[in-house]
Every structure is written in structure tokens, then in C-alpha cells.
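Just so it is clear, none of the values below were taken in a lab; they were calculated from the coordinates. Predicted, not measured: the structure shown is a model, and the values here were computed from it. Neighbour counts are summed over all protein chains in view; Cβ atoms, including those assigned to glycine, are modelled from backbone coordinates with ideal geometry.
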Amino acid sequence: MSTVTKEAALEYHRQGKPGKIEVIPTKPYSTQHDLALAYSPGVAYPCKEIEAKPADVYEYTNKGNLVAVISNGTAVLGLGDIGPLAGKPVMEGKALLFKIFAGIDCFDIEVDEKDPKRFIDIVKAISPTFGGINLEDIKAPECFEIEQRLKDECDIPVMHDDQHGTAIISAAGLLNALEIQGKRIEDVLLVVNGAGAAAVSCTKLYIALGVKKENIVMCDSKGVITTQRKDLNPQKAEFATDRPVSTLAEAMKGADVFLGLSVKDVVTTEMVQSMAEHPIVFALANPDPEISFDKAMASRPDLIFATGRSDYPNQINNVLGFPYIFRGALDSGATTINEAMKLAAVRAIAALAKEPVPTVVNAAYNMTDLKFGRDYILPKPLDPRLLTRVAPAVARGAMESGVARRPIADWEEYCERLRRLMGYDNKITHRLYNEAKRHPKRVVFGEGNTDNMLKAAVMAHKEGVLIPVLLGNEEMIEKRAARLGLDLTGVEIVNLRHDREADRRQRYAELFAGKRQREGITEAEALEKMYDRNYFGMMMVETGDADAFLAGTYSAAHSVGKIAKEVIGIRPSYDHFATLHIVNTKRGTFFISDTQVNKTVDEDTLVDIARLTRNSVEYFSHDPVIAMVSYSNFGSGREEECLTVRKAVERMQTMYPDLAIDGEMGLNYALNSNLRDTTFPFNRLNGQEVNTLIFPNLSAATTAFRTMLEMGLGDAIGPIQMGLNKPVHFISVNAGVRDIINLATIASLDAAVLERNSTPIDK
């Protein structure tokens, strides 16, 4: 589980542009003509069309892909009534999740109004702007009235996710858990602890799936909700029982299912042991469940246990639902999100968990054998199949229940559009961080006396992805840390030039001289080199004193690369090493090689780069579709560069006959599959989207990916070293803090993989 500090959270929210979302134009705007079309006088024409036919608003505006996340800040996470302004970071975060998981644009709207009727009037008045409304963090019982009236009075989908999100995901988990436990839903005895918005909505949905109302006992902070109590609001009164029980402990005796949406530690081991055979416990209080994972699992072996936490199996996570539910609702033009659509989402999510888990999902969670069963009752949040399973199911539910205004006719085309719709693919970054946290390694920062390197080392340590070692003068580093407000607890500082390191310098020099004695390196020369950060840091890795090294470069990395070849060496079966950049764009993730090492490239070099790149792309859980780029296309050029690329392609196709690789081709043909396949239908990539670009020289590769970054077309992770015997990576000291953390995380992960497999990531 990630250790989130105040410092890291504040830095995350204020870095670069403050906040987490922005508005980006979708149409050209570079000329006066463009502006005349975008605004006056051209904008008058779509206005008139919409006036004549209101449904055309979906054709000429972004209404059909725009959701409002709206809150009054009265029930923000576990913080309570903190007000709309303080709740804004949460709403921005929700908007971000809509975008990255389902490609939905969002505006967060914070309304300074607690009166339900006035709040409803405000939201209703602005609703024409949006294709859907996600109500968020509104306290009970007002949230029930607000949602119901807005659903009744607006002609667009409205959903209070705090209620229905948890209900939908937990219901999917319940169906699967009951199947594993061999129980029929209509027979189970259900105990619900908590009577807020989420608990009420969950219970109603469970009833819709088959749970009998008479088999339900609901508790609140005062005990069991019985027909004898006189303090019940309408929502609680609906679930009042006449059973002769008054406490949670009494209610749980013989129960089949427990659902907790309350507070931590209210359930004891004894209570779980008193339940029926093969029980199901959903302890969803956050961040700490009603009973701890360890206590619950130790209580009995026949238990299926779920929480809201990501560090335990069976996480009930709303992100499995709301992005895809709204995606399906928007795409079908639904006027509401009704029970049929929610039930369709439940069944789609439940069904997905029973399917074989793709390699990419296993890799994302550092597992090899995820399969339907006691510890896997729900899909993982990073499962890319959720979009194409849940959204179509919801859209079908809308159509079958008669609320779809724009029915979908071609489902195959719709699913393909969903796959192409996704925005920045941050799943790969999630995966890297999650894996690194499992086995954090000692990463040496060569330039620990620079601000960004120092910040990155401290933050990466607090995020739990590595154990940092800083090379430099401890007094200078400590002064710099104090100036920056950084806590160096747990951070090791090695002053390589201090007398206390004399023995280690000598040991390193002897080892290095022994390796290079036939290359004219004397022990005295080797000792002198050990005063250099790069030689010393790499020798730490070479000798096992550290696991990985991150060199800070001030210009090009060629000199550092030369040192790495001397100290670490190139892996057997290769004559070259290279670097890779992962670039996340709106079109997906791209891998670009070689971006830093090989100034001149011949055929052998290019083949090695291609081999290394193929292996690395596969390691990052992508199937490589490789275009080897040049300025000519499939033999049209006769110049040396074209011939070099062409020969390298031929060798790669011979070595890897099943690999999707072709070239030489221009960048436009590589990235425009329709143009490529129409013009050159014989190409081996036909029908596939390129995700890997290998350039004919360092200049072209560097220019390409830096152009993308500087023009705001994506963000990058790298340069990732490929081909050295041990994890040594290089990055500019002027790189941003997050860029350094990303690469340091890869260095730590690289070391963990090396330790586990005795082979680095470019195996």
C-alpha cells in the first residue's frame, strides 16, 4: 500500500499547472479562418441547427462526452462536511478518473448550497451543458432526495456514485462469491452494518438481484434497525426488521453475508466465527475495514473476504464501474441511469472476473496465476477489458429498457471505437510503481547534491518504490535538504571522497583494474577514477553494495555510457546497448528507440537496438508492433541509411518470423495505419496499430520524442537503459522531479527482476 505523505500530496497537486485537469481545444485554431469558424460568424450556423433540432447538440458540441462532477462538500471522503471549496481536489480527482479510464471529459462543479431544494434548482439550471451528472460527496439523507428529483426532472443520466457505485461493484462481487461458496442468493441471510447512502443503495440492489427483504438485518450506530425503534428516517424504516435481535453480534449469528459500510474494528473474530458455513464478509470501511484482513482470514478457512483497499485481494473499487457506466449511458444517448443499466453493469463486471486473465493484467499486479476464485471475485481496476465489456452492457441495458435516444447498431465498430478512445495510458506507470513497491531496492543517485535529484530520492523513498543512496558531501546535502524542507530519515548518504571511504575506493580500484588490466588500466589510474561519482556509483552496483545506479548527466550521456560499458559491461549475445523512452499520448503508449546512446548506427547496431526494444516492450506488457522508420518507404530510397534500415528489417523478420515488424517506412505511414495499409497492402503490419518506433539514428529518435514532449503531445518515462549487465540508467540533472522518480522506479524494478530471474528486463 502506498505511503502518501502530506508533502508528496501537496507537491503532486501544485506541480506544473496547479490542479489535475485542463481544457484542451479539439479543433484547429491557428488561423483567422479557424477562429472565424470556431466563433463569430461561423458558430452561428450550428446554433441555428440546434435551435431547429435540439438533438443536434450532440453532433455539433461536446455535450455527448461531457460529465459534471457536482458536490456541495457536505460528505467529502472521510473528512465530513468540509465545504465545496475544500472538496474541489476530490472532484478534480474524480474528473481525472473519468478521463483516464473511459475517455470522458469532465468539469468539476462545487456548489455552495446545503439546502436540497436550492441545490437541485442550481444543478437543474446548468444541466443543459452536460451529457450526464455525477453527484459526489453529498451527505445523507439529503442525497436521496437530490438524486431522485434530478433524475425525475433532467433528461440526462444522473447518478450519485457514493450510493450506486459501491452497490454495483459489491453486487458483482456478491454474485461471484455466492457462486464460489455454493449458495443461492434468495436463500442467504444478510447483515448490513451502516445505514448511510451507500448501505441503503447496496441493500436495494441486492434485493433486485434476489436477496429477500425478510432475510436482511440492517444496523446503524445505535444497533439493529427494528420495527420497535421510533427514530428512523424513511430510508432506514424501509429495512426495519421484526426479528428479536438488538446487537450486531446477535445479528451475525448464522448469517451468510456481512456487508460493512461503517467504521473500523466493529466486527470481531468471534462474530465471523459465529456466521454460517462458507460465509462472505465485505468489510468496506475506509481506510480501515470493520475487521482487519489478518484477523478475518485467521478466523476461519472457508471465508471469502473483501475490502475497499488495494493492498488486499478482492478490492471493492468504484472505479470498476462509474467511468464505464457513464460511457455506455452517454454513447447510447440514455435519458437516465436506471435499474436495468445498473444490473447490466453488475453482470458484466461479474462475468469478466470468470474469464481467463490476460498476461497484461497478471503483469500489472506482479502475478502469474490470477484466476476466478476465493481471492479473485472481481476484475482488477487496471484490466483494459472493463471498458469494452461494461460500457456496451450498459448501453444495451439502456436500449432494452427504452431510454436510449441514440441506439447503437454496430457493436463491433462501437467496441473498436472504445479501444481507440482512451486517453493517456497511465496503466503502465501504475504497474511499474506497484511492482517496485513489492521489493524496493537500493538505488544510488549519482547527483544527490542537486535539488531535483534530492527531491526525487526523498519522494521515491516515501512512496516506497526504492531505498535511496545519495552520493555527495553529507553536510552540503543536509543543508540543501533543510532549505528544501526535506526529511532525510531513511536516506543513506555516501561521501565517496571522504577518508572513511578510502578502503572501499581501494577495493573498487583493485577490482576495476583487474577487469581492465589488458586494456592499459593500472591500479593507480583505477584508484583515481574512484573519486568520480559515476565510476564509484557503478562499482557499488557491480560489487553488490547497491542494486541500481542513476547517473545524472549534464549534457549528452555518451561519456556516462562509455563508463557503464567499462564497469558494468554489455550483456552476452549483444554488442551494443541502447535506451528507450516510453511516451504516453492521447493515442496510447509508444516506445521509441534509441534515444540516447548510439551516435552512429550501422546494420548490426540497429539489429541489436531492435532486439533489445522488442524484449523491453514485451516486458512492459505490450505486444510490440514495430515500425523501423526512415525517409523512404519499402525500398523507394537507395541511399545508405535506407539500405541499412531495410537490411536490419530483413534480419529481424528472419530471426523473429512471428514478430510484427516492418519497414523501412516514413513516420506518417507508421502512425497512420489506414494510409499505410491502403498504399502498401503487402506490409506485415496490416490491420495493426504501431506502438514501437525504431529510428535510423540518434538524432532522429531524440528529435522525434522531444518534439512530441515540447509540443505537449504526451509525457515520457525514460531514458530506460537496455542491454547492460546490471541496472545503470542515465537522466539529465535538469529533468523534472517526477521524471527522475519514474526512471528511478524502473531502476529499482530492474534490479528486483535481475535478482529474481538472474536476468534484467531486456532478457
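A few notes on this one:
- Over the chain, dividing the summed -39,500 (n - 2.57) contributions of all DSSP H runs of at least 4 residues by the number of residues returns a 222 nm mean residue ellipticity of -13500 deg cm²/dmol.
- Each peptide in 226-238, 345-357 gets a packing score, the mean of other Cβ atoms within 10 Å over its residues, and the list from highest to lowest is 345-357, 226-238.
- Zone residues, the stretch 628-657, relative to Glu618, backbone N less than 13 Å from point 7 Å out along Cα-to-Cβ: 655-657
- Note on Glu566 and Ala482: the model spin-label points, each 7 Å out from Cα along the C-beta direction, lie 3.7 nm apart.
- The slack in the chain from Ala237 to Ala55, taken as 0.36 nm per residue of separation less the alpha-carbon distance, amounts to 61.3 nm.
- Under 13 Å of direct C-alpha separation, and excluding same-chain neighbours fewer than eight residues apart, Lys236 reaches these aspartates and glutamates: Asp220.
- Ordering of 484-494, 585-595 by burial proxy (mean other Cβ atoms within 10 Å per residue, highest first): 585-595, 484-494
- Calculated FRET value between Val733 and Tyr45, using beta carbons and R₀ = 51 Å, to 0.05: 0.45
- Thr678 paired with Arg518, simple spin-label distance in nm, labels 7 Å along Cα-to-beta-carbon: 5.9
- Volume per residue that the Cα convex hull of the chain spans, once the total is divided by residue count, Å³: 189
- Crossing angle, helix 558-567 versus the chain [Cα axis fit, 0-90 degrees, rounded to tens]: 80
- Positive-end residue, the chain charge dipole about Cα centroid, Cβ charges, pick of Ile138, Cys47, Tyr531: Ile138
- Between the alpha-carbon centres of the stretch 286-346 and the stretch 116-145 there is a gap of 23 Å.
- Note on the stretch 319-423: with charges restricted to the Cβ of Lys and Arg (+1) and Asp and Glu (-1), its dipole about the Cα centre is near 140 debye.
- Among the listed pairs Lys253/Lys354; Lys27/Lys53; Lys204/Lys230; Lys117/Lys212; Lys124/Lys380; Lys342/Lys380, those with a Cα-Cα distance over 26 Å are Lys253/Lys354; Lys117/Lys212; Lys124/Lys380.
- Long-range HN-HN contacts of Ile467 with modeled amide H, under 5 Å: Lys441, Arg442, Val443
- For Lys222 and Arg374, a Förster radius of 51 Å and the Cβ-Cβ distance give a FRET efficiency of 0.90, rounded to the nearest 0.05.
- Calculated P(r) tail over 26 Å for the stretch 183-316, as whole % of Cα pairs: 15
- Label-point separation, Leu713 to Trp411 (7 Å along Cα→Cβ), nm: 3.7
- Dipole moment magnitude, nearest 20 debye, the chain about Cα centre, only Lys, Arg, Asp, Glu C-beta charged: 380
- Ranked Tyr508, Tyr12, criterion: other C-beta atoms within 10 Å, fewest first: Tyr12, Tyr508
- The packing ranking, built from the mean of other Cβ atoms within 10 Å per residue, places the peptides 377-385, 52-60, 262-270 in the order 377-385, 262-270, 52-60, highest first.
- Our estimate of slack between Glu510 and Leu643, defined as 0.36 nm per intervening residue step minus the Cα-Cα distance, is 43.3 nm.
- Across the stretch 517-533, coupling constants 3J(HN,Hα) worked out from phi with the 6.51/-1.76/1.60 Karplus curve, θ = phi - 60°, read 5, 7, 10, x, 8, 8, 5, 5, 5, 4, 4, 4, 5, 6, 7, 8, 4 Hz, and Gly and Pro carry x.
- Between Asp81 and Lys230, the contour length at 0.36 nm per residue exceeds the alpha carbon distance by 51.0 nm.
- Gyration tensor (alpha-carbon) shape descriptor, the stretch 572-723, a/c threshold 1.5: rounded
- Measuring r between the beta carbons of Lys212 and Asn668 and using R0 = 51 Å, the FRET efficiency lands at 0.25.
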